[in-house]
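The values are calculated or read from the model by the stated rules, or taken from the named source; none is laboratory data. All of these numbers come straight from a predicted model, not from anything done at the bench. Positions of Cβ are generated from backbone atoms using ideal geometry, with glycine treated the same way; all protein chains shown enter the neighbour counts. All accessible areas refer to the heavy atoms of the entire protein, side chains included, with ligands and DNA or RNA removed. Shrake-Rupley method; radii C 1.70, N 1.55, O 1.52, S 1.80 Å.
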Amino acid sequence: MSSADFTYDHVGATREPGFCPPGFHPMRVRTRLGEGEEVFRQAAEALLTWEMHREMGVGVDTTADRAAPDADVTITLAGVVKAPCRVVWTVEEHRRAGWAYGTLAGHPECGEESFVVDRTGDGTVWLTVSAFSRPARWYARAGGPATRGLQHAYARRCGKVLRRLATRGVEED
């Protein structure tokens, strides 16, 4: 993967919890999805296959059926705003699954965003959406703090949608 295609340095840096390059705004939103292996498995599958994003009502055009490094992804918001990205890393482990994408030319923002599901020692399943970003297009700059507010709202909605997908058919104790 060539970092020359990305609109920012520090490609892959969302692997480092809490890292935010100078001049960027950090974001971290964590949502409890439920408990147990089945919730984790369903959440991981919905995340890795783009189902979470599609269920949110955004357009998803991608070169891969599953998140994989170097897969190109264009997210379309409201049928108008196109956000081209490329997957920079993925993880599929026993208690952790997810991926991150970085912005390409034409994206309204500049930076990286990760979506990671993890199952803690007590069995609780969480989605963590982390990002570092700054405006790249005039309308993102004009939005100022409201643009960051929309990014946080999007991350919270990811959690709500993934909770619904992850708990389908799972009986509560």
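Per-residue answers, yes or no, for (1) open to solvent by 20 Å² or more (accessible area, probe 1.4 Å); (2) without any contact (Cβ under 8 Å) to a residue 60 or more places away in the chain:
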site	(1), (2)
Gly18	yes, yes
Gly34	no, no
Glu38	yes, no
Gln42	yes, no
Thr49	yes, yes
Ala64	yes, yes
Thr76	yes, yes
Thr90	yes, yes
Cys110	no, no
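Exactly one residue out of Val39, Val81, Val60 is more than 24 Å from Pro17 (Cβ to Cβ), among the β-branched types (Val, Ile, Thr) and touching a helix residue (DSSP H, G or I) at 6+ places or on another chain (Cβ under 8 Å), and it is Val60. Selection within the stretch 148-163: residues that are in contact (Cβ under 8 Å) with a residue 60 or more places away in the chain and open to solvent by 100 Å² or more (accessible area, probe 1.4 Å). The member of this set that is farthest from Pro135 (Cα to Cα) is Lys160. If the condition is being assigned to a loop (DSSP other than H, G, I, E, B) and among the small types (Gly, Ala, Ser), then the stretch 29-78 contributes Gly36, Gly57, Ala64, Ala67, Ala68, Ala71, Ala78.
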